[in-house]
Amino acid sequence: MTGTKADDPGFASASLPRHLVRGAVGFGALVGSFALIPAVGPVSLVLVPAGLFALRGCPMCWAVGLMQTISRGRLERSCEDGQCTLTVADHGKRHSESVAAP
């Protein structure tokens with residue numbers, strides 16, 4: 001992603017348990033909305049917006065946020081002269097190994 005701030009959390013949550021709860025609520029609401037159609041009819045589809053809100057828009061957004069939440073503080077992105085690299089954060093010294101970032 002270009003033009004983003006280094007401190008921008010993206011889709012990440014404050015903690016892994018919080019993110020997993022958001023996923024359980026979101027996916028539960030989506031599955032429940034379709035599973036309840038035979039019992040309560042199309043009224044159950046009101047759970048779809050709640051599920052999408054909990055997942056921050058889509059299941060893929062939640063999955064990206066899960067990866068960001070897990071990697072927060074473990075990877076550092078730096079861009080110099082138009083080339084970006086990911087390095088493993090060592091909280092004291094930097095590793096010289098890097099992986100090219102898209």
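A few comments on the model shown:
- Flag if C61 is assigned to a helix (DSSP H, G or I), surrounded by 12 or more Cβ atoms within 10 Å (Cβ to Cβ) and modelled with pLDDT under 90: yes
- The listed residues are P38, P49, and the only one of them that is surrounded by fewer than 13 Cβ atoms within 10 Å (Cβ to Cβ) and either within 20 Å of S13 (Cα to Cα) or modelled with pLDDT under 90 (or both) turns out to be P49.
- Qualifying residues in the stretch 9-35 (those that are surrounded by 14 or more Cβ atoms within 10 Å (Cβ to Cβ) and among the hydroxyl-bearing types (S, T, Y)) - the one modelled with the lowest pLDDT: S13
- Scanning the stretch 64-102 for residues that are modelled with pLDDT of 80 or more and part of a loop (DSSP other than H, G, I, E, B) turns up D81, G82.
The values are calculated or read from the model by the stated rules, or taken from the named source; none is laboratory data. Predicted, not measured: the structure shown is a model, and the values here were computed from it. Please note: Cβ atoms are built from the backbone with ideal geometry, for glycine as well, and neighbour counts cover all protein chains shown.
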